[in-house]
Amino acid sequence: MTDSIGVVAKRIGPNLRADDGVILGYVPGRSIANTDLEIGSNAQIRAGTIIYGGTIIGDDFETGHNVVIREENRIGDHVSIWNNTVIDYGCVIGRGVKIHCNIYVAQFTILEDEVFMAPGVTIANDLHPGCPHSRECMRGPTIKRGAQLGVNVTVLPFVTIGERAVIGSGSVVTRDIPDGMVAFGSPARAIRPASELECTKGITDKPYK
């Protein structure tokens, strides 16, 4: 593990396991009020991960390789973020969230507790890319508690995905999805309650009770 160039105060909980090649407290290029980095206990941070100053992370945090977590993020306990994923600045990530490989989470996104994101999910936050005023109305989506996003889902700005909703692989979510619904397609449309889905392998009667 190496320190970044510059002065960033770090408060790291006990039992940190950090590989060589990890950078904790990278100095943000943006001017922010507080550049302190805080990470709770029992973190496991793998090689290639860079975590910027100005972020607060809870207990039992885990990364894969080559993860980038920008400044001013708030991340809860028991969160895992896997290989080659970027969490841009100003996001709020709840407890028990699982973020898989090759994912981009745009600035000002909210992921509530127990959200799951499969590989390749992309989150957008800019309604009018290239507009000189785009920064003024930039906001990521809100993905509510327990929602499940399949492989290569794209979620557009300002959208809300409801609690325990399930978004099918390859979907483009352009509008709000109600709680507990299965949605898929481009644009994604809510089709039926997730509680009606059956396990095709016969392992359980209902995968989403």
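We did not get these values from a lab; they are worked out from the coordinates using the rules stated. In this text the structure is predicted, and so the values were computed from the model without any measurement. We place every Cβ from the backbone using ideal geometry, glycine too, and count neighbours over all the protein chains shown.
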Counted residues, segment 60-85 - those being buried (at least 18 other Cβ atoms within 10 Å of the Cβ), under 18 Å from residue 19 (Cβ atoms) and either in contact (Cβ under 8 Å) with a residue 60 or more places away in the chain or touching an Asp or Glu at 6+ places or on another chain (Cβ under 7 Å) (or both) | 1
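Residue check: is residue 63 among the β-branched types (Val, Ile, Thr) and farther than 21 Å from residue 101 by Cα?
No; evaluated as a whole, the condition is false for this residue.
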Counting only residues in segment 154-179 that are part of a strand (DSSP E or B) and without any contact (Cβ under 8 Å) to a residue 40 or more places away in the chain, the one farthest from residue 122 (Cα to Cα) is identified as 177
Scanning segment 180-195 residue by residue, those part of a loop (DSSP other than H, G, I, E, B) and on the phi > 0 side of the Ramachandran plot turn out to be 180
All-but-one check, residue 57 against (1) touching a residue at least 24 places away in the same chain (Cβ under 8 Å); (2) among the hydrophobic types (A, V, I, L, M, F, W, C); (3) surrounded by 18 or more Cβ atoms within 10 Å (Cβ to Cβ), failing number (1)
For segment 159-209, how many residues meet the condition of being surrounded by fewer than 16 Cβ atoms within 10 Å (Cβ to Cβ) and either within 16 Å of the chain's Cα centre (by Cα) or among the aliphatic types (A, V, I, L, M) (or both)?
-> 3
